[in-house]
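The values are calculated or read from the model by the stated rules, or taken from the named source; none is laboratory data. As the structure is a prediction and not an experimental result, all values here were calculated from the model. Here the Cβ positions follow ideal geometry from the backbone for every residue, glycine too, while neighbour counts run over all protein chains shown.
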Ligand code: ARG
């Protein structure tokens, strides 16, 4: 490119983005999030151009040296531009002269920005994955400590059947394990390189797309060049995976808020807040914010899909508005998961109060019906008998419960309770701790079943932690490869 060509480019840019809509068009400020990504993409692309003989080694060296200088100056020192890609290119040309403009050979901002946002988002996703592991570890830690702590279990917010704190906490570990899987899936589909797709229609230059993908740590390509420049489904997938995680978190937060309100659990002061006027207050604010993040995350997922809906092929500028808010929500949800992990790890469960509440609301009724059915009665008849007795059984009278069930049994079947179960069996069924211990089906709350589930959860967390380290190691190795290549030119 001659000096004259370069100044014509500048004139052209001024004509199209120097008007009253300049600020509206520009994403430069928001692009701070992809400043580092863009530098990496520029470096990998320049190295590849040199290796393919598209740009001289000496010019590549000058461009790569300029990029180091631009990086040292920082995003805040970039010249004005429509976006970070244009601003960095201008900064390189300012340092190198018109030859700096060779950096943009065989690419477009369309494949460039798509590459940058994948490069950035994958880091955010890995951090979110790590937060899910931290939370799962906290849940498993507290669950193993409270594997035998009996508590009331609820449906419809009413006491339903006694369970254990360990069983309850592992229910969330199971959900969040799926959130980890979803985020890993989102990561794997995000981590593909669109670079080399150019504007959407490929390039006549002999580019090596696999080489840039490798230097940037991508696990392969978004093959079709039109798909490469246009696709943002990975943003929708990251946002929805986070919205789903945040929804799981909001349920956990809500439970803990309600449990702390009932005096079943005491949150650590570190995860509580107080009132500026009411001195006696200790409020579960961190959990309320955790619950609140779900609203934003659901909004973000909906917003991303709404922005993408109906966009024609190939590139449209609407896409510029798609990613910055996804980066933010992934961050917010990650933080919410970390806070939930801290709250769970430091919470103090009120073992005695939980035990005495566990039998409230005749919560052992199902166990009594099960017992009658085990004694040979059709379950539906047993249900009817216990339901009839339940109407007159109050919380503090387990002693009278057996007599009332006996009365109902005689009325409905004409036979006494003793035709089906012994009085010792009946007494045991009415005891919440015994009731829990009897439900030892796989995945159930009995201590043996919880112990088995704990071991399985721990193994699964270890596997996922290995997967996470492997992903991180692969990215770090690619960064080293790129640095080493760059060093041969500068
Ligand atoms: N900053 C833009 C984005 O984030 C990339 C610019 C591509 N512009 C264009 N007119 N094709 O999507």
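Looking for something without any contact (Cβ under 8 Å) to a residue 40 or more places away in the chain, away from the ligand (no atom under 16 Å from the Cβ) and outside any helix (DSSP H, G or I) - is there at least one such residue anywhere in the stretch 379-387? For the stretch 379-387, residues without any contact (Cβ under 8 Å) to a residue 40 or more places away in the chain, away from the ligand (no atom under 16 Å from the Cβ) and outside any helix (DSSP H, G or I): absent.
Determine, yes or no, whether residue 256 is touching a helix residue (DSSP H, G or I) at 6+ places or on another chain (Cβ under 7 Å), in a helix (DSSP H, G or I) and crowded, with 20+ Cβ neighbours inside 10 Å. Yes; evaluated as a whole, the condition is true for this residue.
Scanning the stretch 13-36 for residues that are surrounded by fewer than 14 Cβ atoms within 10 Å (Cβ to Cβ) and either outside any helix (DSSP H, G or I) or within 12 Å of the ligand (Cβ to nearest atom) (or both) yields a count of 6.
If you go through the stretch 335-378 and keep only what is part of a loop (DSSP other than H, G, I, E, B) and more than 23 Å from residue 167 (Cβ to Cβ), you end up with 375, 376, 377, 378.
Within the stretch 308-334, the set of residues being within 12 Å of the ligand (Cβ to nearest atom) and part of a helix (DSSP H, G or I) comprises 317, 318, 319, 320, 321, 324. For the stretch 279-302, filtered to residues that are out of contact with any strand residue (DSSP E or B) (no Cβ under 9 Å at 6 or more places or on another chain) and either touching a residue at least 60 places away in the same chain (Cβ under 8 Å) or not in a helix (DSSP H, G or I) (or both), the residue that is nearest to residue 348 (Cα to Cα) is 280. Whether a residue is within 23 Å of residue 358 (Cβ to Cβ) and without any contact (Cβ under 8 Å) to a residue 60 or more places away in the chain was assessed, and residue 392 passes this test.
Which members of the stretch 72-87 meet the condition of being crowded, with 18+ Cβ neighbours inside 10 Å and more than 12 Å from the ligand (Cβ to nearest atom)? Within the stretch 72-87, 75, 78 qualify. Evaluating residue 92 against the criteria (1) crowded, with 24+ Cβ neighbours inside 10 Å; (2) within 13 Å of the ligand (Cβ to nearest atom); (3) free of Cβ contacts under 8 Å to residues at least 60 places away in the same chain leaves one unmet condition, (2). Residues of the stretch 259-278 being surrounded by fewer than 18 Cβ atoms within 10 Å (Cβ to Cβ), more than 17 Å from residue 342 (Cβ to Cβ) and in contact (Cβ under 8 Å) with a residue 60 or more places away in the chain, which ones? The answer is 262, 263.
For the stretch 448-465, the count of residues that are over 30 Å from residue 218 (Cβ atoms) and either at pLDDT below 95 or in contact with a strand residue (DSSP E or B) (Cβ under 8 Å, 6 or more places away or on another chain) (or both) is nonzero.
A count restricted to the stretch 37-60 and to residues that are more than 16 Å from the ligand (Cβ to nearest atom) and part of a helix (DSSP H, G or I) stands at 13. Here residue 367 clears all of (1) out of contact with any helix residue (DSSP H, G or I) (no Cβ under 8 Å at 6 or more places or on another chain); (2) in contact (Cβ under 8 Å) with a residue 40 or more places away in the chain except the condition numbered (1). Among the residues making up the stretch 419-451, those that are out of contact with any helix residue (DSSP H, G or I) (no Cβ under 7 Å at 6 or more places or on another chain) and under 14 Å from residue 169 (Cα atoms) are 444, 449, 451. Filter the stretch 85-127 down to the residues that are under 28 Å from the mean Cα position of the chain (by Cα) and either under 15 Å from residue 39 (Cα atoms) or not in a helix (DSSP H, G or I) (or both) and list them by number. Selection gives 111, 112, 113, 114, 115, 116, 117, 118, 119, 120. Against the test of being touching a strand residue (DSSP E or B) at 6+ places or on another chain (Cβ under 8 Å), within 21 Å of residue 194 (Cβ to Cβ) and either surrounded by fewer than 18 Cβ atoms within 10 Å (Cβ to Cβ) or in contact (Cβ under 8 Å) with a residue 12 or more places away in the chain (or both), the options 43, 118, 109 yield a single qualifying residue, 118.
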